[in-house]
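See structure below.
The values are calculated or read from the model by the stated rules, or taken from the named source; none is laboratory data. As the structure is a computational prediction, the values presented were derived from the model and not from experiment. Ideal geometry is used to build each Cβ from the backbone, glycine not excepted, and the neighbour counts take in all protein chains shown. Only protein heavy atoms, including side chains, enter the accessible area calculation; ligands, DNA and RNA are left aside. Shrake-Rupley method; radii C 1.70, N 1.55, O 1.52, S 1.80 Å.
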Amino acid sequence: MIRICDLDFAYPNGPFRLRLPELQLPRGTHAAFIGPSGSGKTTLLFLLGGVLTPRAGHIWAGELEITALEEASRRDFRLRRIGMVFQEFELIEYLTVRDNILLPYRLCRRLRLNGAVVRRAEALAEKVALGDKLDRFVDCLSFGERQRVGLCRALVIEPELVLADEPTAGLDPASKALVVEALLGYARSSGATLVMVTHDGDLLPHFDQVIDLGSFQEAKP
Amino acid sequence: MRDLLHLAWRYLAYHRAKTVVLVLSIALILYVPIGLRVLVRQARAELASRAASTPLILGAKGSPLELVLKVLYAGRQDPPLMRYGEAERVAKSGLAQAIPLYIRYRAQGDPIIGTTLDYFAFRGLRIAEGRQMTRLGDCVAGAEVARRRGLRPQDAVVSSAENLFDVGGAYPLKMRLTGILAPTGTPDDRVIFADLKTTWVIEGLAHGHQDLSRPEAAAGVLARKGANVIGNASVVEYNEVTDDNIASFHFHGDPAAYPITAVIALPRDEKAATLLMGRYEGAAAAHQILRPIEVIEDLLRTVLAVEKFVVAALALVGATTLATATLVFLLSLRLRRREMETLVKLGASRGRIAALVASEIAGVVGAAAVLAALFTWATAAAGANLLRRFLIE
């Protein structure tokens, strides 16, 4: 379960401020964050992932209070237990598709890269129609293909929490369908919690919970 | 660590042009001073050992270095010539054994050294194949010459014409190769040895031709004055010494006046050496007598001074190159800021990212060090040839 309590966040040099008195996302929930640009959707996602730290308040992931963790532990938690899909892919240009997918295993000493992991990466790539592009560099891929590489990288560690920041923005319908199907499919099959930031109203019926950060009202789909 | 090395390798391989330039720059900066030092050390060892084993060299006044390099390495520069009579004078003095050397002609680029059999004994040269030269027109080849040219005993070695356009110049002489020397690892491997008189034949100071007193040579007789017979241009001159014509070879004039390049003097003892050197002292003397080791040490002092200067200059260039390489790294880090941010977002620690960059730097420096070591090894292997080419020839 994700639980937020009295959250208060502000960027050091800017007027933006995010206040969230309380939010609960039960384990296995598929939640969507919606709202206008600047309403703090991505910021909240990064706070949940421990990329940003709040000025005040608490965030729990299950029994673990993320906001109470040291930076090193927070990074380690993020690498091992959270799969993050970024709006701008955040891929490494000098790595092949395969190496980009396996990157978390190269960065975290506690994740062991072995044959099973490589096979899992290849199966994920196959599922999102990247099986024949594993040895290509990412700058040779289309927009949609790059997003799918980012998706595979997020899922390869088999995370218990998936945070996706507008993963379908700018994608063609085929790529969008592949990404959404892969995310929801993984969340359903593994029981992981999925939180997705989206502007795409067509996707909302797929989610159990839709949180409108613009008005900060929890809405039913 | 393996994971970081993998990522570092991927980065370097992806930016291969930048990597190659960096590796080459750093390799050269590492290699040039080390290679230079290796070369200078080899030069010292090679030049000093050869010079130290040659007690005294007597030659005509001129450049001491030119004379010493000619005698020790058969260099291309020709020092002024002296007369053979001076070699006889040294021998007659009883102070030293005199080994005359005439090093002027070549056979397809390889120097021909005209000398006596004493030279072979002095340098410890041993025939590995065939036999020693025994008569006029014979020669023996150094091991490297024989290997390079595929020479075997009984092959012919032809001296090169000195000047194609000089009709009065030395004509090629076809010499008989009687033996091949065992390799010594010294410049003697790269020369052809002939008897001193053979080199005078090449020069034209001795020659063989048809016997004009015989009836079949009547067409070649221009005039007869008592016992003297004057031949015309149709007289056949021999360009090869054979068992049939060797008797016809003869010398004109006094051999004491014949040219030689130098005399290696092997003094009986230090006192004899001092006495001998004393005889050739003074500005008016037409000859110079040298201790080769002193001349070579002078040369090495110059080489070492140049080396120090070059190393100092290289230190500056090296510092500049390293500064540039550092700048390239720092600039590339700025360009890679987004990549670093991505790694942080994914959960990589600053230490892990620093280790990744350090692995890339280590990869570049390591590759440069390996390349520099290979260059140095190649320099050490080819050092003797490089020295001969640039310093001696």
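Residue B:106's amide H: which non-local residues (gap 5+, or another chain) put their own amide H closer than 5 Å, with H modeled 1.01 Å from N in plane and none for Pro or chain starts?
Long-range HN contacts for residue B:106: B:112, B:160.
What order do B:195, B:110, B:244 take when sorted by accessible area (1.4 Å probe), most exposed first? Show your work: numbers first, answer last.
Working: B:195 45, B:110 10, B:244 150 Å².
The ranking, largest first, comes out as B:244, B:195, B:110.
Gain in length, residue B:327 to residue B:233, computed as 0.36 nm per residue apart minus the alpha-carbon separation, to one decimal in nm?
My answer for the length gained is 25.9 nm.
If you take every DSSP beta bridge whose two residues both sit in the protein assembly as shown, what share of them, in percent to the nearest 5, is antiparallel? Kindly include the intermediate steps, with their values, before the conclusion.
Numbers: 55 of 81 bridges.
Of the beta bridges lying entirely in the protein assembly as shown, close to 70 percent run antiparallel.
Go ahead and run the numbers for FRET between residue B:320 and residue A:169, Cβ-Cβ distance against an R0 of 41 Å, rounding to 0.05.
0.30
When you look at the Cβ of every residue in A:98-104, what mean number of other chain Cβ atoms sits within 10 Å? Please report the intermediate quantities before stating the final value.
On the way: counts 0, 3, 0, 0, 2, 6, 3.
Averaged over the peptide's residues, the number is 2.
If the chain between residue B:184 and residue B:243 were fully stretched, how many nm would it gain, using 0.36 nm times the residue separation less the Cα-Cα distance? Walk me through the numbers on the way to the answer.
Details: separation 59, 0.36 × 59 = 21.24 nm, distance 3.19 nm.
Fully extending the segment from residue B:184 to residue B:243 adds 18.0 nm.
Rounded, prolate or oblate: which one fits the protein assembly as shown, using the alpha carbon gyration tensor with axes a ≥ b ≥ c (rounded when a/c is under 1.5, else prolate when a/b beats b/c, else oblate)? Please list the in-between numbers first.
Working: a/c = 5.30, a/b = 3.52, b/c = 1.51.
Verdict is prolate for the protein assembly as shown.
Taking R0 as 41 Å, what FRET efficiency do you get between residue B:118 and residue B:304 from their Cβ-Cβ distance, rounded to the nearest 0.05?
Working: r = 35 Å, r/R0 = 0.85.
That gives a FRET efficiency of 0.75.
Not counting ligands, DNA or RNA, and with a 1.4 Å probe, what is residue B:189's accessible surface area in Å² rounded to the nearest 10?
Here the residue's solvent-accessible area equals roughly 10 Å².
Of all accessible surface on chain B at a 1.4 Å probe, what whole percent is carbon and sulfur?
Numbers: 12040 of 20000 Å².
Of the solvent-accessible surface of chain B, carbon and sulfur hold 60 percent.
For chain B, just the Cα atoms, rotate onto the principal axes and tell me the three extents in Å, largest first.
116, 51, 37
Quick check: pseudo-label points 7 Å beyond the Cα along Cα→Cβ at residue A:3 and residue B:374, how many nm apart are they?
Here the answer is 6.3 nm between the modelled labels.
Helix B:270-279 against the longest principal axis of chain B: what's the angle in degrees, Cα atoms only, rounded to the nearest 10?
Once rounded, the angle reads 70 degrees.
Please calculate the 1.4 Å probe accessible area of residue B:237, with all protein chains present, and give it to the nearest 10 Å².
Solvent-accessible area, nearest 10 Å²: 120 Å².
To the nearest µm²/s, what D does Stokes-Einstein give for chain A at 20 °C and 1.002 mPa s, using the Kirkwood radius over alpha carbon pairs as Rh?
Rounded to a whole number, D works out at 121 µm²/s.
Modelling each spin label as a point 7 Å along the Cα-to-Cβ direction, I'd like the residue A:202/residue B:127 distance in nm, to one decimal.
10.0
Counting only the heavy atoms of the protein chains, how much of residue B:252 is accessible to a 1.4 Å probe, in Å² to the nearest 10?
Estimated to the nearest 10 Å², residue B:252 gives 100 Å².
Tell me which residues come under 5 Å, amide H to amide H, from residue A:165 once H is placed; ignore anything under 5 positions away on its chain.
Long-range HN contacts for residue A:165: A:85, A:86, A:87, A:197.
Per residue of segment A:22-36, in order, report the coupling 6.51 cos²θ - 1.76 cosθ + 1.60 (Karplus, θ = phi - 60°) as ³J(HN,Hα) in whole Hz, putting x for Gly and Pro.
Karplus-based 3J(HN,Hα) across segment A:22-36 equals 6, 7, 10, 10, x, 4, x, 5, 10, 10, 10, 9, 10, x, x Hz.
Under the Karplus relation 6.51 cos²θ - 1.76 cosθ + 1.60, θ = phi - 60°, what is the ordered set of whole-Hz ³J(HN,Hα) values for segment B:131-136, x standing for Gly and Pro?
Per-residue couplings from phi come out as 9, 5, 5, 10, 9, 3 Hz.
Which GluC sites (Glu not before Pro) from segment B:255-356 combine a DSSP loop assignment with at most 13 other Cβ atoms within 10 Å?
Passing both the DSSP loop test and the Cβ count: B:281.
Take the Cβ-Cβ distance between residue B:281 and residue B:251 as r, set R0 to 41 Å, and report the resulting FRET efficiency rounded to the nearest 0.05. Before the final figure, lay out the partial values.
Values: r = 33 Å, r/R0 = 0.80.
Approximately 0.80, to the nearest 0.05.
Work out from phi, with θ = phi - 60° and the Karplus expression 6.51 cos²θ - 1.76 cosθ + 1.60, the ³J(HN,Hα) of each residue of segment B:61-67, listed in order in whole Hz, and give x for Gly and Pro.
So the J values, rounded to whole Hz, are 4, x, 6, x, 5, 4, 5.
Residue B:61's amide H: which non-local residues (gap 5+, or another chain) put their own amide H closer than 5 Å, with H modeled 1.01 Å from N in plane and none for Pro or chain starts?
Residues meeting the amide H criterion: B:287, B:288.
How tilted is helix B:292-335 with respect to the longest principal axis of chain B? Cα atoms for both, answer in degrees (0 to 90, nearest 10).
20
In degrees from 0 to 90, rounded to the nearest 10, what is the angle of the helix B:84-93 Cα long axis to the longest principal axis of chain B?
90
To check you understand DSSP bridge types, tell me what percent of the beta bridges within chain A (both residues inside) are antiparallel, rounded to 5. Intermediate values should be presented prior to the final figure.
Details: 19 of 36 bridges.
If we restrict to bridges inside chain A, about 55 percent are antiparallel.
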